[in-house]
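Below is one structure; the comments refer to it alone.
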Amino acid sequence: MILHLVAKSHRPTLEEKIMEAVQHIRGAFSMVFLSKDKLIAVRDPYGFRPLALGKKGNCFVFASETCAFDLIGATYERDIKCGEMLVVEAEV
């Protein structure tokens, strides 16, 4: 359903399409989208579902639990805020 909302959006950028789609969703969610040059993470406005940002070397990673970072040797950076969208762009 979420991808359908994103695909039907007429907004010009992927970030705007995702923001428009999540405004129609009720409930708890944390999502990560991967495009060819961006990694986009979004958390529900109430913060019911956890979503954390980590870093391994010069790469960013997302997980619902920080213990996942330990498994891959990444360091915890911060939690994604309630209702926040975070965009990580590929270096060219």
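The values are calculated or read from the model by the stated rules, or taken from the named source; none is laboratory data. It should be emphasised that the depicted structure is a prediction, and the values quoted were computed from it without experimental measurement. Here the Cβ is made from the backbone with ideal geometry for all residues, glycine too, and neighbour counts use every protein chain on show. Surface accessibility is based on the protein's heavy atoms, side chains included, excluding ligands, DNA and RNA. Shrake-Rupley method; radii C 1.70, N 1.55, O 1.52, S 1.80 Å.
Worth a mention:
- Residue ID - farthest from M31 (Cα to Cα), chosen from residues in the stretch 53-92 that are touching a residue at least 24 places away in the same chain (Cβ under 8 Å) and of a type in the set (S, T, Y): Y76
- Where strands (runs of 3 or more DSSP E) fall entirely within the chain, those with at least 3 residues that are among the aliphatic types (A, V, I, L, M) and open to solvent by less than 30 Å² (accessible area, probe 1.4 Å) are at 38-43.
- Restricting G83, G47, G73, G54 to residues that are touching a strand residue (DSSP E or B) at 6+ places or on another chain (Cβ under 8 Å) and modelled with pLDDT under 95 narrows the list to G83.
- Single unsatisfied condition, E20 versus (1) over 12 Å from the mean Cα position of the chain (by Cα); (2) under 17 Å from I80 (Cα atoms): (2)
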